1. If DNA, RNA and ligands are ignored and the probe is 1.4 Å, what is the ranking of Thr10, Thr71 by accessible area, most exposed first?
2. Measure nothing but the geometry: give the 0 to 90° angle between the long axis through the Cα atoms of 11-24 and the longest principal axis through the Cα atoms of the chain, rounded to 10°.
3. Out of these labelled values of Cα Rg over 2.2 N^0.38 Å, [x] 1.08; [y] 0.97; [z] 2.86, which was calculated from the coordinates shown here?
4. Under a Cβ-only charge scheme (Lys and Arg +1, Asp and Glu -1), can you give me the dipole magnitude of the chain about the Cα centre, in debye to the nearest 20?
5. What is the chain's relative contact order, in percent, from Cα pairs under 8 angstrom and six or more apart in sequence?
6. Take every Cα pair under 8 Å in the range 49-90 that's 6+ residues apart, average their separations, divide by the length, and report that relative contact order as a whole percent.
7. Excluding the sites themselves, what is the longest stretch of the chain that contains no GluC sites (Glu not before Pro) in a DSSP loop with at most 15 other C-beta atoms within 10 Å?
8. Do any trypsin sites (Lys or Arg not before Pro) in the range 3-80 lie in a DSSP loop with no more than 11 other beta carbon atoms within 10 Å, and if so, which?
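The values are calculated or read from the model by the stated rules, or taken from the named source; none is laboratory data. Since the structure is predicted, the reported quantities are computational estimates derived from the model, not experimental observations. Quick reminder, even Gly has a Cβ in these numbers, built from the backbone with ideal geometry, and neighbours come from all protein chains shown. The accessibility values were calculated without ligands, DNA or RNA, using every heavy atom of the protein model including side chains. Shrake-Rupley method; radii C 1.70, N 1.55, O 1.52, S 1.80 Å.
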Amino acid sequence: MTQEESDALTLDQYKAIMQEIWKNHRWVRSKFEHSKHIKYVRPNWDMRDGLCFSIQFDPGKKVFSCGYGETELMYDRIMNWLNEPLEESK
């Protein structure tokens with residue numbers, strides 16, 4: 001399966017997510033209005049293709065994964081979640 005056929009994160013997409021978290025969502029240090037105050041990021045990498053197939057953000061245990069039935073790319077779902085108001089993100 002190629003990246004075009006997969007919803008999984010590439011390394012570059014993962015790095016962009018980490019930059020967004022560092023800038024606006026890191027634990028207790030963010031002044032961003034919609035900060036998720038993320039303390040831990042737990043990616044799961046498939047070393048057959050080098051893609052991240054699931055990722056968990058804590059606290060809150062918010063999990064994103066790729067797979068059957070997804071209509072939006074995992075990267076887009078994560079970035080949308082990071083930037084939505086807190087009351088909508090549960």
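1. Thr71, Thr10
2. So the inclination is approximately 10 degrees.
3. [x]
4. 740
5. 30
6. With pairs under 8 Å counted, the relative contact order is 23 percent.
7. 34-69
8. Passing both the DSSP loop test and the Cβ count: Arg29, Lys31, Arg48, Lys61.
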